[in-house]
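Take a look at the structure set out below.
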Amino acid sequence: MAHDEQTLTEALTEAFEARVAADAFIEPKDWMPDAYRRTLVRQISQHAHSEIVGMLPEGAWIARAPSLRRKAVLLAKVQDEGGHGLYLYSAAETLGTSRQDMTEALHEGRAKYSTIFNYPTLTWADIGAIGWLVDGAAIMNQVPLQRCSYGPYARAMVRICKEESFHQRQGFEIMTVMAGGTAAQKRMAQDALDRWWWPSLMMFGPPDDQSPNTAQSIRWRIKRESNDELRQKFVDVTVPQAEALGLTVPDPDLRWNAARGSYDFGAIDWAEFAAVVRGEGPVAKERMAARRAAWDEGAWVREAALAHAEKQAARAAERAAA
Ligand code: 3HC
């Protein structure tokens, strides 16, 4: 790098860091370090993929919802997730990537999506548990992202968090009905909690001392709290909710620690987490097959939309030339 260029980069980096330190938003046209841009594309695109893949486990229950009301609510929730994916893909596109590139990265295994969506939804109670625990964990992780240093991501998170909050409540309401229902319904609710508890704790990512990205992301104010801090907050909020439902959190080591003012909880199976991240989750192959099929089947829509846009542009050019 030439001397002048290096001096300029240093000045730009200094100005960027000062803006971040002052809690000002970084906007798409602002200068930003390449590594900051790459980190945002990685995180936002993975987040978008999680929203879209996350439509699958719940989508599987739309036709089997136990009443018309339950069906309408679930349908709206799944559509919300699709909307979240779109806001997030758009936010990532402001960083110079494209929807096509992000989708190809997912399909080729170069981009990740949340481990949680690689577990199957076996009963209707799973829809309650997903809303309560999975959306509950998502809110815990996403509320701080509303103050993320990158403007488009932070603004997308405002609406997403409002909708996730509704999702969490609808899940908790399903759990309330199931846990207060017949003995068989209560067993289903407990079974769903047993299966979703540990994967929900894994959603927050590896422990801080094994997280390669957290320290730098916190310095850049992309992440505002660490994986372990958010996980602890989630446990502290959720355990009393399980108690209110009359359900038992499947962790024999769970104990209130008065000195810390928090719950101590048992060891997470990080080997399971690593395996699911590697693509070995119970229904990982089905999830990716469904996404690839949806992309292939939608090819004609993309072609038609592109052809229409090209035709419109050609007409506009003709009019301008006339
Ligand atoms: N599933 C899959 N991969 C995970 C993961 C998880 N639960 N947790 C961490 N990882 C991956 C990271 O992506 C990273 O891999 P990479 O470097 O190849 O990208 C690696 O494990 C190490 O983890 P780090 O903690 O160092 O990585 P991050 O700093 O990126 O933190 C994160 C991970 C907390 C998930 C962060 O990316 C984040 O906050 N993302 C935004 C929120 C998000 O993606 N949520 C998805 C949840 S589901 C959802 O929102 C849908 C809703 O409808 C329920």
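Can you work out the accessible area per residue across region 133-241, with the rest of the protein chains kept in place, probe 1.4 Å, in square angstrom?
Per-residue accessible area for region 133-241 comes out at 40 Å².
What trypsin sites (Lys or Arg not before Pro) in region 1-100 are in a loop by DSSP, with at most 10 other Cβ atoms within 10 Å of the Cβ?
Lys29
Please list the radius of gyration and Dmax for the chain, considering alpha-carbon atoms only, with Å as the unit.
Values for the chain (Cα only, Rg and Dmax): 22.0, 79 Å.
If we sort 126-137, 206-217 on the protection proxy, mean other Cβ atoms within 10 Å, highest first, what's the order?
Per-residue mean Cβ counts within 10 Å order the peptides as 126-137, 206-217.
Suppose R0 equals 41 Å; then what is the FRET efficiency for Ala313 and Ala215 from their Cβ-Cβ distance, rounded to the nearest 0.05?
In this case the efficiency is close to 0.35.
For region 220-315, place one equal point scatterer on every Cα, skip the solvent, and apply the Debye formula. What is log10 of I(q)/I(0) at q = 0.16, 0.24 Å⁻¹?
The Cα Debye sum returns log10 ratios of -0.91, -1.18.
Once the principal axes of the Cα atoms of region 1-100 are found, what is the range along each, listed largest first in whole angstroms?
Principal extents (Cα only, largest first): 68, 29, 16 Å.
If we count every other residue with Cβ under 10 angstrom of Val235's Cβ, Lys/Arg +1 and Asp/Glu -1, where does the sum land?
Result for the neighbourhood of Val235: -1.
Under 5 Å between amide H atoms, partner at least 5 residues away or on a different chain: which partners does Tyr150 have, H built in plane at 1.01 Å?
Residues meeting the amide H criterion: Ile26.
Would you please give the FRET efficiency between Thr94 and Lys162, computed as 1/(1 + (r/R0)^6) with r the Cβ-Cβ distance and R0 = 30 Å, to the nearest 0.05?
0.90
Quick one: how many lysine pairs does the chain have with C-alpha atoms less than 18 Å apart and a gap of 8 or more or different chains? Give me the count, please.
Final tally of qualifying lysine pairs is 4.
When the accessible area of region 151-213 is split by element with a 1.4 Å probe, what percent falls to carbon and sulfur?
Reported share for carbon and sulfur atoms: 58 percent.
Compare the Cα positions of Gln232, Val276, Leu247 along the charge dipole of the chain (+1 at Cβ of Lys, Arg; -1 at Cβ of Asp, Glu; about the Cα centre) and return the one farthest towards the positive end.
Farthest towards the positive end: Leu247.
What spacing in nm lies between the two simple spin-label points modelled at Arg278 and Trp31, each 7 Å away from Cα in the Cβ direction?
The answer from the label model is 4.4 nm.
On alpha-carbon atoms, Rg over Rh for region 74-128 using Kirkwood Rh?
Here the Rg-to-Rh quotient is 1.06.
For region 316-322, in order, what is each residue's ³J(HN,Hα) by Karplus, 6.51 cos²θ - 1.76 cosθ + 1.60 with θ = phi - 60°, in whole Hz (x at glycine and Pro)?
Along region 316-322, the couplings run 4, 5, 4, 4, 5, 6, 6 Hz.
The values are calculated or read from the model by the stated rules, or taken from the named source; none is laboratory data. These numbers were taken from a predicted model, which means no experiment stands behind them. Methodologically, a virtual Cβ is constructed for each residue, glycine included, from the backbone with ideal geometry; neighbour enumeration extends over all protein chains shown. Calculation scope for accessible area: heavy atoms of the full protein, side chains included, ligands and nucleic acids excluded. Shrake-Rupley method; radii C 1.70, N 1.55, O 1.52, S 1.80 Å.
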